[in-house]
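Asks: Have a look at the structure that comes next, please.
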Amino acid sequence: MKKILSVIIPTYNMESLLPMALDSLVGSSALDRLDVVVVNDGSRDGSLAVAERYAERYPQSVRVVDKANGNYGSTINAALPTLQGEYVKVLDADDRFDVALVADVIEGLEAMSGVDVVVMPYVECDARGERRVGYNLYSRDLYACGDVYDAERVFADGAIHFFAMHSLAYRTELLRAMGYRQSEGISYTDQEWAFYPMFHAERFGFMDTPLYIYNLAREGQTMDAAVQLRSIGQLERVVSAMAEYYAERAEAVSSAARREFLQGVLVRRMATVYRKYLLDMSDAQFVASDFEAVDVRLSALAKRCGLAPLRCSVNGVLRLDLLGKWRRSGTRYSSMVRSALRWADRVMMRLHELLFR
């Protein structure tokens, strides 16, 4: 049976959660169309044994790649040469798919065979419950599901400013042809997964199938705000790698719409790093000399990428320029003002979820 979808499951010390991720795949009626690759990244717990049990039970669909620890990107790089499916998605070991929708996604991917990128909504899950995240504008669908769109149309529309890893399925041969590789040794390289292929994709398809269930409730995960602050250097290294990638290939990006989309992603990723320093860090955590060095590096990269002078707003509504304040005075806003801005940001994000999701 032809494999339609490969699923890469990067795994590091996820013994307790990995069965949930695997069950969301092997429980599907379309298991024979799946190619599941669990990449054990040098786990020190029983993750490898868990993966091997599933591979023994489902040998036609589940395989294990066991490797020394190299962090997230290295697992993707190790899996790509082995893939058997026409399309590929990544499933983090602490997340899961909606098993009831796997067969529908397989059918949809088969119908859109040859499309470079297939985009679908996903579900965020935390202590407050579940929320669907889709690519619509004020509850209006942007693109007809099942139809195929030229990439330049998608970029030129300007309605989608970035893609999340959880929503994407790529044609496997697209990644191989472009020599896709993620940065190794650091976290947060899922941002590269949603960026580098956009230089090469020519056709997009959309599906109304929220397959990916993204677990935001696990304590200590990389997207936890406290973990991000401790890992700020890794966030900076990822966005620097993305900017370097763009700078080296900018001349080959002939479309103004694609160039604007890619530059917009970089601006947002750089602004995220700046916000961590200028808004989220406590006074005890913040070291002025460290931030000054970061600002020098990112500003130089922004110039290489042809970006407009960088700004750092709290959000799309609160356009108070945090970076402008620093450059004028060499100081951040006071802790009281920063606390108020963070509170306002959370309220606005919550209102946006209630109104538009």
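Asks: Checking residue 156 against (1) among the aliphatic types (A, V, I, L, M); (2) touching a helix residue (DSSP H, G or I) at 6+ places or on another chain (Cβ under 7 Å); (3) more than 30 Å from residue 41 (Cα to Cα); (4) at pLDDT 95 or above: exactly one of these is not met. Which one?
Replies: If we test residue 156 against (1) among the aliphatic types (A, V, I, L, M); (2) touching a helix residue (DSSP H, G or I) at 6+ places or on another chain (Cβ under 7 Å); (3) more than 30 Å from residue 41 (Cα to Cα); (4) at pLDDT 95 or above, just (4) comes out false.
Asks: Okay, moving on. Just wondering, is there one or more residues in region 185-192 that are crowded, with 20+ Cβ neighbours inside 10 Å, among the acidic types (Asp, Glu), closer than 23 Å to residue 280 by Cα and not assigned by TED's automatic domain parsing to the domain that holds residue 89?
Replies: No, that holds for no residue.
Asks: Could you check residue 149 against (1) in a helix (DSSP H, G or I); (2) over 15 Å from the mean Cα position of the chain (by Cα); (3) not β-branched (Val, Ile, Thr) and say which number it fails?
Replies: (1)
Asks: Right, here's the next one. Go through region 143-166 residue by residue and tally those that are surrounded by 13 or more Cβ atoms within 10 Å (Cβ to Cβ), touching a residue at least 60 places away in the same chain (Cβ under 8 Å), farther than 19 Å from residue 124 by Cα and hydrophobic (A, V, I, L, M, F, W, C).
Replies: Residues meeting the conditions: 4.
Asks: Shifting gears a bit: Between residues in region 167-188 that are over 27 Å from residue 208 (Cα atoms) and residues that are charged (D, E, K, R) and outside any loop (DSSP other than H, G, I, E, B), which pairs lie under 6 Å by C-beta distance while being six or more apart or on different chains?
Replies: Matching pairs, first to second residue: 182/192; 186/237.
Asks: Another one. Tell me which residues, restricted to region 64-95, are charged (D, E, K, R) and closer than 14 Å to residue 5 by Cβ.
Replies: Scanning region 64-95 gives 86, 89.
Asks: Next question, about the same structure. Being at pLDDT 90 or above and either over 15 Å from residue 274 (Cβ atoms) or out of contact with any Ser or Thr (no Cβ under 6 Å at 6 or more places or on another chain) (or both): is that true of residue 328 here?
Replies: yes
Asks: Name the helices (runs of 4 or more DSSP H) wholly inside region 201-304 in which the number of residues that are free of Cβ contacts under 8 Å to residues at least 12 places away in the same chain and closer than 30 Å to residue 146 by Cβ is 1 or more.
Replies: 256-275
Asks: Of everything in region 294-311, what is of a type in the set (A, V, I, L, M) and crowded, with 16+ Cβ neighbours inside 10 Å? Give them in sequence order.
Replies: Those that are of a type in the set (A, V, I, L, M) and crowded, with 16+ Cβ neighbours inside 10 Å: 294, 298, 301, 302, 307, 310.
Asks: Somewhere in region 53-63, is a residue on the phi < 0 side of the Ramachandran plot, aliphatic (A, V, I, L, M) and over 25 Å from the mean Cα position of the chain (by Cα)?
Replies: yes
Asks: Can you tell me which residue in region 167-184 is farthest from the chain's Cα centre (by Cα), limited to those that are farther than 21 Å from residue 112 by Cβ and surrounded by 19 or more Cβ atoms within 10 Å (Cβ to Cβ)?
Replies: In this case the residue turns out to be 183.
Asks: Take region 25-64 and flag every residue that is under 17 Å from residue 10 (Cβ atoms) and acidic (Asp, Glu).
Replies: Selection gives 35, 41, 45, 52.
Asks: Additional query: How many residues does region 65-83 hold that are surrounded by fewer than 20 Cβ atoms within 10 Å (Cβ to Cβ) and under 15 Å from residue 8 (Cα atoms)?
Replies: 8
Asks: Tally up the residues in region 41-63 that are among the hydrophobic types (A, V, I, L, M, F, W, C) and either within 16 Å of residue 17 (Cβ to Cβ) or touching a Pro at 6+ places or on another chain (Cβ under 6 Å) (or both), please.
Replies: Adding up the residues that qualify gives 4.
Asks: Now for a different question. Just to be sure before I move on: is residue 19 farther than 23 Å from residue 77 by Cβ, modelled with pLDDT of 95 or more and assigned by TED's automatic domain parsing to the domain that holds residue 65 in the structure I sent?
Replies: Considered against the rule, which asks whether it is farther than 23 Å from residue 77 by Cβ, modelled with pLDDT of 95 or more and assigned by TED's automatic domain parsing to the domain that holds residue 65, residue 19 comes out as yes.
Asks: State all residues of region 109-133 that are more than 28 Å from residue 202 (Cα to Cα) and surrounded by 12 or more Cβ atoms within 10 Å (Cβ to Cβ); if no residue qualifies, say none.
Replies: Once the filter is applied, which keeps residues that are more than 28 Å from residue 202 (Cα to Cα) and surrounded by 12 or more Cβ atoms within 10 Å (Cβ to Cβ), region 109-133 yields 124, 125, 126, 131.
Asks: Oh, and also: Hey, can you tell me all the residues within region 247-288 that are of a type in the set (Ser, Thr, Tyr) and more than 25 Å from residue 319 (Cβ to Cβ)?
Replies: Residues satisfying the conditions are 254, 255.
The values are calculated or read from the model by the stated rules, or taken from the named source; none is laboratory data. Owing to the predicted nature of the structure, the values given are computational and were not obtained by experimental measurement. Every residue, glycine among them, receives a Cβ derived from its backbone with ideal geometry; neighbour counts consider all protein chains shown.
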